[in-house]
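> This is the structure I have questions about; it appears just below.
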Amino acid sequence: MLRPLLSALCLLALASQALGQTTAATPDQLFSDFSRCDARFFETLNTASLPAGTLRVAKQGNVSAPVVMNPLQEGGRYQAFEQPLMVNGVRLVGYHNEAMSLPNVGNLLFWGFVAEGSVSDVAEHLKPLVADHARLVAERGSVSRADIRRVGDPIGQWRTEGLAGPGVATPFGFVERTLSLEKGPTEGRTKIFCSLQGTVTPALLQVYRPDLNANLLD
């Protein structure tokens, strides 16, 4: 009777130990979570296993975030990697984080990576990792996935119809969220970024950008 009881206790202890362990996220997993354009990316950074000299992160409350000097200030929004971060064959060489408020446009937040390669090549390699990649649309040399919500909708609800479209300001009372790949700041590079644009409220920031002060743009 004693031996079965000890065996059962050992199994329970092993199970508890396994539940307590958190598997470190790989760069591919981290990018996949980034492509959701929500808080998951910053939560995953808590446990991500990244090669030395690539993305530098710091703790921000209950999450972690890539280090930049100041997302509100020109010249302080970019982190260049000492060594490229490899994601499914693509070399990511930097991270960009920008926030601003413009009259008659609303609040705009952009965050994401700079990759080596053309938009088409980068999109081809990274598409399998992108969340909801069936909705990616190629247009005017860029590749994007977009959705929209009305202020007052349930915080997790996004719609795929009624989008403002490229180059059109998001209507007042709405927030548009996009994942975009477009030509980078220099030849042979591609920007891969998420954005929140429009009537971005502190409540929305608190849920989708927990790395930022929710009242950053007030």
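> Taking strands (runs of 3 or more DSSP E) that do not extend beyond the range 22-103, which have at least 2 residues that are without any contact (Cβ under 8 Å) to a residue 40 or more places away in the chain?
57-60, 78-87, 90-102
> Which of the residues that make up the range 68-92 are of a type in the set (S, T, N, Q) and open to solvent by 20 Å² or more (accessible area, probe 1.4 Å)?
Matches in the range 68-92: Asn70, Gln73, Gln83, Asn88.
> Tell me yes or no: at least one residue of the range 158-174 is in contact (Cβ under 8 Å) with a residue 24 or more places away in the chain and under 18 Å from the mean Cα position of the chain (by Cα).
Checked against the condition, which is being in contact (Cβ under 8 Å) with a residue 24 or more places away in the chain and under 18 Å from the mean Cα position of the chain (by Cα), the range 158-174 yields no hits at all.
> Another question about this same structure. Assess whether Leu196 counts as being part of a helix (DSSP H, G or I) and touching a Leu at 6+ places or on another chain (Cβ under 7 Å).
Taking the combined requirement at face value, the residue does not satisfy it.
> Give the range 178-207 a look and list any residue that's open to solvent by 30 Å² or more (accessible area, probe 1.4 Å) and under 13 Å from Arg149 (Cβ atoms), or say none.
Of everything in the range 178-207, those that are open to solvent by 30 Å² or more (accessible area, probe 1.4 Å) and under 13 Å from Arg149 (Cβ atoms) turn out to be Gln197, Thr199, Thr201, Ala203, Val207.
> Now, a different point. For the list (1) out of contact with any Leu (no Cβ under 6 Å at 6 or more places or on another chain); (2) at pLDDT 95 or above; (3) not polar (S, T, N, Q), I need the number of the one condition that Gly75 fails.
Evaluating Gly75 over (1) out of contact with any Leu (no Cβ under 6 Å at 6 or more places or on another chain); (2) at pLDDT 95 or above; (3) not polar (S, T, N, Q) leaves (2) as the failure.
> Quick check on my filter: what residues within the range 104-136 are open to solvent by 40 Å² or more (accessible area, probe 1.4 Å), assigned to a loop (DSSP other than H, G, I, E, B) and among the hydrophobic types (A, V, I, L, M, F, W, C)?
The answer is Val105, and nothing else.
> Considering only residues that are outside any strand (DSSP E or B) and touching a residue at least 24 places away in the same chain (Cβ under 8 Å), look in the range 137-155 and name the one that is surrounded by the fewest Cβ atoms within 10 Å (Cβ to Cβ).
Arg140
The values are calculated or read from the model by the stated rules, or taken from the named source; none is laboratory data. Small disclaimer: the values here were computed from a predicted structure and weren't measured. A quick note on method: Cβ atoms are made from the backbone with ideal geometry, for glycine too, and the neighbour counts reach across all protein chains shown. Areas reflect the complete protein model, heavy atoms only, side chains present, ligands, DNA and RNA absent. Shrake-Rupley method; radii C 1.70, N 1.55, O 1.52, S 1.80 Å.
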